[in-house]
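Here's the structure, in structure tokens; my notes come after.
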Protein chains: 4
Amino acid sequence: MKETRIGIIGATGYVGVELVRILSSHPYARITHLVSQSFVGKTFSQVYPSFLGICDLMLTGADAPEVAKDCDLVITALPHGVSSQVVPVLLSQGVKVIDHSGDFRFRELEDYEAAYGLVHPCPELLSQAVYGIPELYRKELAAAALTANPGCYPTCSILGLAPLLSGKIIGTKGIIIDAVSGVSGAGRKADLAFSFCESAENFKAYGITSHRHTPEIEQECSLLANEKITVTFTPHLAPMKRGMLATIYADLLPEKLDMTGDELRELFVRFYAGDPFVRILPSNSAPETKHVCYSNFIDIGIFKDARTGKVKVISAVDNLGKGASAQAVQAMNVMQGYPEGTGLSNLCGCI
Amino acid sequence: MKETRIGIIGATGYVGVELVRILSSHPYARITHLVSQSFVGKTFSQVYPSFLGICDLMLTGADAPEVAKDCDLVITALPHGVSSQVVPVLLSQGVKVIDHSGDFRFRELEDYEAAYGLVHPCPELLSQAVYGIPELYRKELAAAALTANPGCYPTCSILGLAPLLSGKIIGTKGIIIDAVSGVSGAGRKADLAFSFCESAENFKAYGITSHRHTPEIEQECSLLANEKITVTFTPHLAPMKRGMLATIYADLLPEKLDMTGDELRELFVRFYAGDPFVRILPSNSAPETKHVCYSNFIDIGIFKDARTGKVKVISAVDNLGKGASAQAVQAMNVMQGYPEGTGLSNLCGCI
Amino acid sequence: MKETRIGIIGATGYVGVELVRILSSHPYARITHLVSQSFVGKTFSQVYPSFLGICDLMLTGADAPEVAKDCDLVITALPHGVSSQVVPVLLSQGVKVIDHSGDFRFRELEDYEAAYGLVHPCPELLSQAVYGIPELYRKELAAAALTANPGCYPTCSILGLAPLLSGKIIGTKGIIIDAVSGVSGAGRKADLAFSFCESAENFKAYGITSHRHTPEIEQECSLLANEKITVTFTPHLAPMKRGMLATIYADLLPEKLDMTGDELRELFVRFYAGDPFVRILPSNSAPETKHVCYSNFIDIGIFKDARTGKVKVISAVDNLGKGASAQAVQAMNVMQGYPEGTGLSNLCGCI
Amino acid sequence: MKETRIGIIGATGYVGVELVRILSSHPYARITHLVSQSFVGKTFSQVYPSFLGICDLMLTGADAPEVAKDCDLVITALPHGVSSQVVPVLLSQGVKVIDHSGDFRFRELEDYEAAYGLVHPCPELLSQAVYGIPELYRKELAAAALTANPGCYPTCSILGLAPLLSGKIIGTKGIIIDAVSGVSGAGRKADLAFSFCESAENFKAYGITSHRHTPEIEQECSLLANEKITVTFTPHLAPMKRGMLATIYADLLPEKLDMTGDELRELFVRFYAGDPFVRILPSNSAPETKHVCYSNFIDIGIFKDARTGKVKVISAVDNLGKGASAQAVQAMNVMQGYPEGTGLSNLCGCI
């Protein structure tokens, strides 16, 4: 296999460090550039001492053309509004990009501008960008120059809903996604709200009537259902570092009310046949975040609530794994023509 | 005020120890009897060394008539099926009882027997028992000999729904309660599933299609709405010791769709006027479990999701506080004619 | 009893909030003034929503003369160097002060200036200040206008060593104090090092060759032993919010080598006879931080290591309890002539 | 490289699952047999769902001769007293063994029998067994048929003391090891003491005057110093799943009192030159457990306490990594002639 030289811009955030961890064991990837504005002149392992002897690269400033020189592919883990400044420069140098921000996830300019309150500097790229869920866009990713890596909540939610929506099993109104994230979802920063003493032994909802991941979920659900879908979404914060779980509620269509739980589950099994990182759990089994942490897996449990005619889907990912960095590596494998599980298939949590 | 002599049967479980903590500062209550089958012959503080010098009572075996001799009121924290053996004996000795099991929470015998799979030995007591939420049954509690202290999930859910149901604001179909508990809800026991290494850094759903608190929630919601209500309920476990949060979803009735969030909130304020332990949060504020832990408060935030026509209510309690022991003391205050907040009004979490 | 009107300057830090929690239930104390530079114009319960309905006082700026007007006693929880500006003003208005900083803990000016690298603006107050451990300075506290509340590590260490030093049981060279604190010891602040993701699942030492509590420990140990004592002290940080444990190692003097563990323990029992907040544990029992959290207790276990001729003392406090706020209230009780345990004797952890 | 077929007996404990995690990515190892008495007939991934798709081997009962048939090397993770029954059978079939119990760690029969209170059934194996710290016994391991994998505390302590003892830098009396472990050190079991509610937010010492790792530490220290050494050792339990930190105190010999901290550090650098998994931290840097978790590294910081003439060494390992399973794989690499870091050199924590 041909080696891919990889740069990471935004290397010292939690998405960045997880990328470095995964790519350090990837047989065909070689990290050539780590950019971190805040730590220029330090080595990566000075910022993350656990990497001493594993990744001691020097961190550099964010000169995109410079980065482009020795990279085949750059992964950007930057804030929205910043990515859209950097990505066009990289692309113009012939470098492929996987972007972690919200800047390239929307198909419609107005959706982006409504969600993020920004004018997009390069709207022409929106149609080129591929939404980076390989289970849904594998073919497009294989040809992509720009991949928009999805948000963690959208990945967890969309994959939990896709078989039901594309199979026309559920009503498209009244879908509820009640989801929970570990604290690393808030990023690496000095913020009292995410301090140990304020976060430990606490559980709360946030972004209750407006969270930027809502329109992203709705965009993909609408495409799957081939009609405009509005969802009710509530994110929560749990006192753990990593992990995400979505409990999804939808009404079975009247004509599908007699489907059994096993039949619903079978629908998922068939939909995800050939997708190595989607694990449809046995009947009556529910996922737990610890079973997916440190991995690229999404675990999905499907339940029929016969009393109320609802289906409950429970899906779990690592917010930094399948919800961010590991999925980016999965997309990179597809983009570069490597077997999709390269460097990912043995990643798993332990205790 | 006349002193109340109190016995606790099941004193060394987590509900028991929280009762001892609260009652140790109660000005009119005196603990005279602590029963714990498993620790007979030890003192309470040998089992819970934090109580050394605060409660050093000897633990005794469970001879109900003996307990009745020196108690005015007994609080039972026993498994279902066991309570129903002990409670009639206590009542027959003229002792009042507050029971923490499911044995006396149901109005209809068949509901109990369906939920717990047991034949009830004293069904005649069901109609005498008062469901121990003072905010809903204050008058009945004042006259009660037997109080059935509600489950933690029901307390948190019912108080979050009561103003909406009794005010005829929401549709009675499609109500969803997505709730989260700390690990102490599972009780004090040696169980691998609740060990530190299996519970820390983990989040999961459980009892997904059948949890014994569902029919209890439905019973009280049906009474409030004056029609039969079925709810969808999903409990989850979060890696924290204490605390419970319910995120409740309901559809505004078509004729109520133009109510603003503030009007919905105002409805709650009026409904709970005069209830010292219900705190309706300011507009657009959401509760956090740490704000209610160690207290008898329930904090409630109300949100209108205009995009989907739903109301979201988020309510938080301490599963051992308002969700169990503190609420039992509140009920005891009402039963004994003490000011309702006695011994409870200064309890609060800190950090 | 005569009521004491109390002001707290630095009310929204963790020491401050714990003071408010304790004083809210104190029968003779009334909080009249809460000062918090950062939150002027907010109520205390807006900063700490758990206190909604319990303490809704308005927070004010730090005008010491203004505070003095309606207070009998002010508790300052300010950084070192700031306290020494404020305290003299308060004293000059005839107000008693309990100070939580390092500014008044040293008897010798040079010790202070070496430890804190500051010129002391009011060195004349050092001789007036009483070091606020009631178990050692009860008589002096009864007459004090200015109490210097000790650091958490010193409280935990000094009380663990006092009977051995004053009883001439151990060698005065080679004493080692290996201690551990919960994260709240670092205070309430936005600091990446104390964020949830950086602190959870982590254990580390810090301040390894120089920690400001070392000279404070040495000062009091030297006074107890009546000779100059140098100790080796290593603080550590554990992933928990509250709690502190010190494991203390000392060599038995040659002539004391045949003392049994029980005899050593008996020495502690006698030394602390009449001290309600020192709990000498039964033989071969070791303290745990959870047993003292939320309380004013210090739990002490004494062990003889016959193989090496050492005595190990293990002492535990809540770093915010006996290690800070609760001890301040204990000192206040002594200063104001209240029974020493007022408002403190029923405080205990639960689970 | 020739493949090694590996069996694990005791595969579902925490040491076992960490072995499976590491070996699943090892290029020359193939797991052929997983034995777990308690879960016979289940697959490994049914017990640990995080391994679904990664290790789905069937768990079998503990018939040693059967295991020997298709294994070149067996790793036993069994209780002491059980290992010594199984290991001789395996060896007699020509299979190499790495044992995790205390049964083969002692050179002197009487030390074993004193520490474990058992009669050893095969004392003749004690002289054949190699103590499995590759940094100290690399050559012996290369020829070993039976490796006794050290305890976690001994690994962390011995490697922190070895350069000082073999270099004759410190006094051999008065060495103190104050160490802390995460809860996984207690193993996978249903035990109230290690439940989430009893362990979270708690810190305690245990085994204060007698812990079985003490004589193991003393044996190796004595060999390094070439004289009989007695140490004072206190283990503690911190509320985290994984990780171990030892704070070691020793007196510099009078003639070494003028060595600087940097000179002491340099001694460690030289001693561990060529040891890829020992990371001597920069001057004045202290290890943190999160930096070594999930890896095979031991991080060591060296500090001179000039005031007291002591050296403090702080060493950190993952109790399941370098403290158990990862070190076993390192030993296996040496025994099988693989490069020592095979399958281990990219393992690291992240957040």
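Among the residues of the range D:188-204, those that are among the aliphatic types (A, V, I, L, M) and either surrounded by fewer than 24 Cβ atoms within 10 Å (Cβ to Cβ) or without any contact (Cβ under 8 Å) to a residue 12 or more places away in the chain (or both) comprise D:ALA190, D:LEU192, D:ALA193. Scanning the range C:189-205 for residues that are facing another protein chain (nearest Cβ under 7 Å) and within 22 Å of D:ARG242 (Cα to Cα) yields C:LEU192, C:PHE194, C:SER195, C:PHE196, C:CYS197, C:SER199, C:ALA200, C:GLU201, C:ASN202, C:PHE203, C:LYS204, C:ALA205. Number of residues in the range B:259-282 that are within 22 Å of B:ALA326 (Cα to Cα) and not hydrophobic (A, V, I, L, M, F, W, C): the value is 5.
Under the condition of being farther than 14 Å from C:THR147 by Cα, of a type in the set (S, T, N, Q) and either at pLDDT below 95 or over 8 Å from the mean Cα position of the chain (by Cα) (or both), the residues counted in the range C:314-343 number 2.
Which members of the range A:300-351 meet the condition of being of a type in the set (D, E, K, R) and free of Cβ contacts under 8 Å to residues at least 24 places away in the same chain?
Residues of the range A:300-351 that are of a type in the set (D, E, K, R), as a first pass: A:304-305, A:307, A:310, A:312, A:318, A:322, A:340.
Correct list: A:ASP305, A:ARG307.
Exactly one residue among A:GLU198, A:GLU216, A:GLU220, A:GLU227 is part of a loop (DSSP other than H, G, I, E, B) and either assigned by TED's automatic domain parsing to the domain that holds A:PHE271 or under 21 Å from the mean Cα position of the chain (by Cα) (or both), and that residue is A:GLU227. Filtered by the rule that a residue be in a helix (DSSP H, G or I) and over 22 Å from B:THR155 (Cα atoms), the range B:170-195 gives B:LEU192, B:ALA193, B:PHE194.
Given the criteria more than 14 Å from chain B (Cβ to nearest Cβ) and of a type in the set (A, V, I, L, M, F, W, C), does A:ALA286 qualify? Considered against the rule, which asks whether it is more than 14 Å from chain B (Cβ to nearest Cβ) and of a type in the set (A, V, I, L, M, F, W, C), A:ALA286 comes out as no. If you check D:LEU257, D:LEU245, D:LEU320, which single one turns out to be of a type in the set (A, V, I, L, M) and more than 28 Å from B:PRO239 (Cβ to Cβ)? Result: D:LEU257 is the single residue among D:LEU257, D:LEU245, D:LEU320 that is of a type in the set (A, V, I, L, M) and more than 28 Å from B:PRO239 (Cβ to Cβ). C:ALA186 meets all of the listed conditions (1) at the interface with chain D (Cβ under 9 Å from one of its Cβ atoms); (2) within 12 Å of C:PRO235 (Cβ to Cβ) but one, namely (1).
A count restricted to the range D:57-113 and to residues that are of a type outside the set (A, V, I, L, M) and either assigned to a helix (DSSP H, G or I) or outside the structural domain of D:ALA11 (by TED's automatic domain parsing) (or both) stands at 12.
From the list B:THR214, B:THR209, the one residue that fits, being at the interface with chain A (Cβ under 8 Å from one of its Cβ atoms) and not hydrophobic (A, V, I, L, M, F, W, C), is B:THR209. Each residue in the range B:321-351 was checked for being within 13 Å of chain C (Cβ to nearest Cβ), surrounded by fewer than 22 Cβ atoms within 10 Å (Cβ to Cβ) and among the small types (Gly, Ala, Ser), and 2 of them qualify. Here A:GLY207 qualifies as at positive phi and over 17 Å from the mean Cα position of the chain (by Cα). When the range A:114-146 is limited to residues that are touching a residue at least 40 places away in the same chain (Cβ under 8 Å) and among the small types (Gly, Ala, Ser), the one that is surrounded by the most Cβ atoms within 10 Å (Cβ to Cβ) turns out to be A:GLY132. Only one of the numbered conditions (1) away from chain A (no Cβ under 14 Å); (2) in contact (Cβ under 8 Å) with a residue 24 or more places away in the chain is not met by B:ARG279, and that is (2).
For the criterion of being touching a Phe, Trp or Tyr at 6+ places or on another chain (Cβ under 9 Å), at pLDDT below 95 and not polar (S, T, N, Q), D:ILE351 passes. Filtered by the rule that a residue be of a type in the set (Val, Ile, Thr), crowded, with 23+ Cβ neighbours inside 10 Å and within 11 Å of another protein chain (Cβ to nearest Cβ), the range A:22-55 gives a lone residue, A:ILE22. Hey, can you tell me all the residues within the range A:22-56 that are assigned to a helix (DSSP H, G or I), touching a residue at least 12 places away in the same chain (Cβ under 8 Å) and not polar (S, T, N, Q)? Scanning the range A:22-56 gives A:ILE22, A:LEU23, A:PHE39, A:PHE44, A:VAL47, A:PHE51.
Scanning the range C:230-243 for residues that are assigned to a strand (DSSP E or B) and either outside the structural domain of C:ILE302 (by TED's automatic domain parsing) or under 20 Å from D:LYS304 (Cα atoms) (or both) gives C:THR232, C:PHE233, C:THR234, C:PRO235, C:HIS236. For the range D:289-313, the candidate set comprises residues that are β-branched (Val, Ile, Thr) and within 14 Å of the chain's Cα centre (by Cα); within that set, the residue that is nearest to the other protein chains (Cβ to nearest Cβ) is D:VAL292.
The values are calculated or read from the model by the stated rules, or taken from the named source; none is laboratory data. Just so it is clear, the model here is predicted, and its values are computed rather than measured. Counting neighbours? That spans all protein chains shown, and the Cβs are built from the backbone with ideal geometry, glycine included.
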